[in-house]
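To start, the structure under review is shown below, and the notes come after it.
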Amino acid sequence: MAPWRERLHEIIFEADTPAGKAFDVALLVAILLSVISVSLETVESIDVRYHGLLLTAEWIFTGLFTVEYVLRLLCTRRPHRYALSFFGVIDLLAVLPTWLSLFMPGAHHLMVIRALRLLRVFRIFKLGRYLTEASALRQAIWASRRKIIVFVTCIAIIVVIMGSAMHLIEGHDAGFTSIPQSMYWAIVTMTTVGYGDVAPVTPLGKLIASIVMILGYTFIIVPTGIITAELTRGHARPVSTQVCRECSREGHDVDAKCCKFCGAEL
């Protein structure tokens with residue numbers, strides 16, 4: 001890799017140097033201002049008075065983020081790896097809406113997705129504890145995936161059964177016009193949201209609704225217990241802010257010399 005590309009990679013992707021941290025802090029400020037600008041544009045009274053100014057700001061931010069995205073592609077050894085990474089996709093989605101608005105009016109409002117880029121704050125300010133805890137949580141969720149899949153499958157089965165029963169018992173008059181509509185009611189009731197747009201009126205229907213509500217409160221604690229059990233089994237090692245030049249992956253140990261994903265030198 002050419003020296004200028006290595007230096008550019010260090011500034012754009014790393015937060016270990018003053019230049020890299022300054023770049024990322026400036027990027028965060030730009031992202032925040034961009035999201036505020038897009039949000040204000042949806043307020044009619046503000047948009048009427050400052051439409052031209054907000055539109056200009058929108059294109060300035062889009063231009064800056066487009067240049068930044070291109071530079072990120074240029075300074076990585078394998079651009080497709082970065083482009084397909086989580087932050088690579090987010091960075092692309094941050095600039096696409098404005099360009100799409102040239103052909104699809106209103107698409108620029110999707111620019112609020114730029115707010116997801118604020119997740120970089122954990123790396124930028126070197127909040128090692130938060131990175132470590134995030135890594136531990138991610139590992140716990142991944143280790144619990146089979147239990148969670150079984151749990152969600154059980155919930156889905158119960159929703160189908162309860163929804164079908166309510167459709168049969170209550171019928172069209174009470175708003176249970178179809179099994180999908182009744183399943184919607186079962187989901188809303190089981191999650192304790194309770195919109196109230198559909199409600200049972202017969203004694204048997206109310207009994208089933210009560211059972212679904214109690215099950216909802218019972219099921220709330222299950223995913224928490226599954227993940228908590230995995231969290232108590234171990235603690236993730238501290239991770240650094242290093243980003244691999246080859247595969248653009250993060251989450252390396254603080255004393256790592258090589259990428260644990262592809263083996264490239266850090």
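Structure notes:
- Computing FRET efficiency as 1/(1 + (r/R0)^6) for residue 191 and residue 137, where r is the C-beta to C-beta distance and R0 is 25 Å, gives about 0.70.
- Listed by chain and number, the aspartates and glutamates whose C-alpha is less than 13 Å from the C-alpha of residue 260, apart from same-chain residues fewer than 8 away, are 246, 250.
- Fewest-first sequence of 182, 210, 45, 85 by Cβ atoms within 10 Å of each Cβ: 45, 210, 85, 182
- P(r) tail fraction, the stretch 3-72 - alpha-carbon pairs more than 18 Å apart, %: 48
- Sorted by Cβ density within 10 Å, fewest first, the residues 104, 183: 104, 183
Every number in this text was worked out from the coordinates using simple rules, so none of it is lab data. Worth saying up front: this structure is predicted, and the values here are computed from it rather than measured. Because the Cβ atoms are built from the backbone with ideal geometry, glycine has one as well, and the counts that use them run over all protein chains shown.
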